[in-house]
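To start, the structure under review is shown below, and the notes come after it.
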Amino acid sequence: GALTDAAVMAPGAVPAPSGSPNGSAMVKLALFLFFIMTRALHPLLIDASKIDGKILYAKNTPIALNKVLTLVLMNIMALLVDGVRGVRLCWQPHCLMIFGMIGAVYALGDFLEMLSMAKLSGGVYQVLLQTKLLITALMCMWLKGTGQSSLQWHVLFSMFLSVSAFVVVDQGGEGGDSSLPVFAVLCVIMKVAVSCYCAVLSEKYLKKFGDMPLFAKISGLSFTWALASLLLCMTEKQVMAQGFFANWDHATWLVTASFVVKTVSTMYLLQALDSVQKNIGEALALIVIYLSQVAMAGFSEAFELSVFLLAVLVVVLVKTYLISPKPSQAKANGTKLGAAKHMQLVSIKPEGAPHMQSLGVRSMTCQVQGALPQGVFFGMLGGLHPVCGSTDPSGTERCELMLLSQAQAGAGTSHHADMPILPTQSLTVLGQVRGPSPDHPLSAEAVQKDLEQARARFV
């Protein structure tokens, strides 16, 4: 999810792209393409580090060194950006406790990744990773009680079949023993489960501590991540017998550097790319991996139309799932949001709250008779103007309204909304956009997302 991106940002936080719409779109496209390339390059480098199809170095050593290097890199960045204060933020106990716990679980996921990559090619590994959509759906049912639509379950099942077909065809096309390495596949499935679990925790705490600079969060993650990885290294007989850097070469150092780029860039890129774009990017990386293995002389992969078409099918199914309509939030919460609620206006002012003004958001504050729904809602002001409203957490009779027909020009512009003509002194609540947010205060990106979702309710 995106991190807090308020007008006054914490040191080390990355602002959303600004400027003209075309410039912003180009920046996001460049970030998206870079994300695809980093995701595709990482398993290719692990493949290239193999000798005669085997990883000779201790599998967890690049991961452990990667986290040590990331920890050092983030502390250097903290020192350059905010001096000694920035370094102290990286080592505050609260940061280490929260993000350190997540980092320890992430270390297990990396270890499972290396175990699976030792037996699987990069393309097969990347395809199996697409099962994260199915595992995530099951986890959401278990942990959050949110279900899937009938279309989504059918797409998920179709994707599962296509993944299985890809693995069977790709393994059968390599010649020799075409049996599926069951242990490697189980490692991938467990890695996906760990990643999905960590994603839930990361999303929760990255949003909850949005005022904390990102380098401090990555540092907290990397500290326990490095410790857990070093402990896992000690369990490998090869490390104990031959040493940490046994059988390392230039390709192993490239794998380590790839891990660093993957860790840091993913955290930063998620501030500009949402989870939907992230999943699509990872799916597109699959085709990049396959085509690279076919084109590069160092790989023995031969182009097979059937394998390529199955890879494309997986990508299409992933995208179909991501753009398919989800069950309404009202159904998930068991609430009836379709019944309009008419409320009498007590007062309305064209000036928004100070925080909204600091973001350049044109809003109005109003008070009604009765209790408004908590969180963000959509409705009609005066029976004529579509609005998006945010209920005041300290009093459900007060809210902040944004006219959906009025553009939000951004910071540095007029903060007052144009007072509309009201045929009636009323506010009609038509439904809820979302519940109360853990983010406080809201970021400009979060406000824009609320407005887009409110507009979508009227379509």
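The values are calculated or read from the model by the stated rules, or taken from the named source; none is laboratory data. Everything numeric here is computed off the predicted structure, so don't read it as measured data. Cβ placement follows ideal geometry from the backbone for every residue including glycine, while neighbour counts extend to all protein chains displayed. All accessible areas refer to the heavy atoms of the entire protein, side chains included, with ligands and DNA or RNA removed. Shrake-Rupley method; radii C 1.70, N 1.55, O 1.52, S 1.80 Å.
Filtered by the rule that a residue be charged (D, E, K, R) and under 29 Å from LEU138 (Cβ atoms), the stretch 189-242 gives LYS191, GLU203, LYS204, LYS207, LYS208, LYS217. Considering the stretch 357-397, and only residues there that are assigned to a strand (DSSP E or B) and among the β-branched types (Val, Ile, Thr), the residue that is surrounded by the most Cβ atoms within 10 Å (Cβ to Cβ) turns out to be VAL387.
Looking at GLY83, GLY12, GLY23, can you tell me which residue is at positive phi and at pLDDT below 80?
Details: GLY83 fails: at pLDDT below 80; GLY23 fails: at positive phi.
It is GLY12.
Within the stretch 283-320, restricting attention to residues that are modelled with pLDDT under 75 and not in a loop (DSSP other than H, G, I, E, B), the residue that is farthest from MET159 (Cα to Cα) is LEU286.
For the stretch 217-241, filtered to residues that are closer than 16 Å to LEU56 by Cα and crowded, with 18+ Cβ neighbours inside 10 Å, the residue that is nearest to the chain's Cα centre (by Cα) is CYS233. Inspection of the stretch 127-143 finds no residue satisfying the criterion of being aliphatic (A, V, I, L, M), in contact with a Cys (Cβ under 9 Å, 6 or more places away or on another chain), at pLDDT 80 or above and at negative phi. When MET343 is tested against (1) open to solvent by 30 Å² or more (accessible area, probe 1.4 Å); (2) modelled with pLDDT of 65 or more, just one condition goes unmet, and that condition is (1).
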